[in-house]
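Each reported figure results from applying straightforward, stated rules to the coordinates on display, with no laboratory input. Nothing here was measured: the structure is a model prediction, and the numbers come from that model. Neighbour counts run over all protein chains shown; Cβ positions are idealised from the backbone, glycine included.
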Amino acid sequence: YDDAFQFIRDVACDWDDSKYLEAEPAQYITVARKAKGTDNWFVGGKTNEARQTTVKLDFLDKNAKYECTIYQDGKDADYEHNPKAYTILHRTVKKGDVLKIKEARGGGFAVSLMKK
């Protein structure tokens, strides 16, 4: 599971900005935070029931590209029956792009967005 811990190694402790992208009390939440003194963003989401979330990258800098790493629940993930199933995806993104991420029951995701 060392590959999944890369997010923990990358994520900041101090923030210049925070954006709550979506939330429903006791159901789900998605938050984006900009690391202090950088142009890098980190997004995290948590859900109660299985769902697909849509993360609109409208908060990124205009005319910039970001190396995006998505840490998400695996296809057969479930907090009760298969809690360790995950997958990691890599892509390049820009302002205005949209990430569609499936969250398992009791699951969630993390995204790092490192400005190139």
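Here are the numbers for this structure:
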| read-out | value |
| --- | --- |
| Over 21 Å between alpha carbons, listed pairs Lys19/Lys115; Lys36/Lys62; Lys56/Lys94; Lys46/Lys84; Lys46/Lys100; Lys36/Lys84 | Lys36/Lys84 |
| Relative contact order computed over region 6-115 (Cα-Cα under 8 Å; 6+ residues apart), in percent | 31 percent |
| Two-site label geometry, Asp14 and Tyr79: point separation in nm, points 7 Å out along Cα→Cβ | 3.3 nm |
| Candidate aspartates and glutamates for bridging to Lys102, where Cα separation is under 14 Å - those fewer than 8 sequence places away on the same chain excluded | Glu49, Asp73, Asp76, Asp78 |
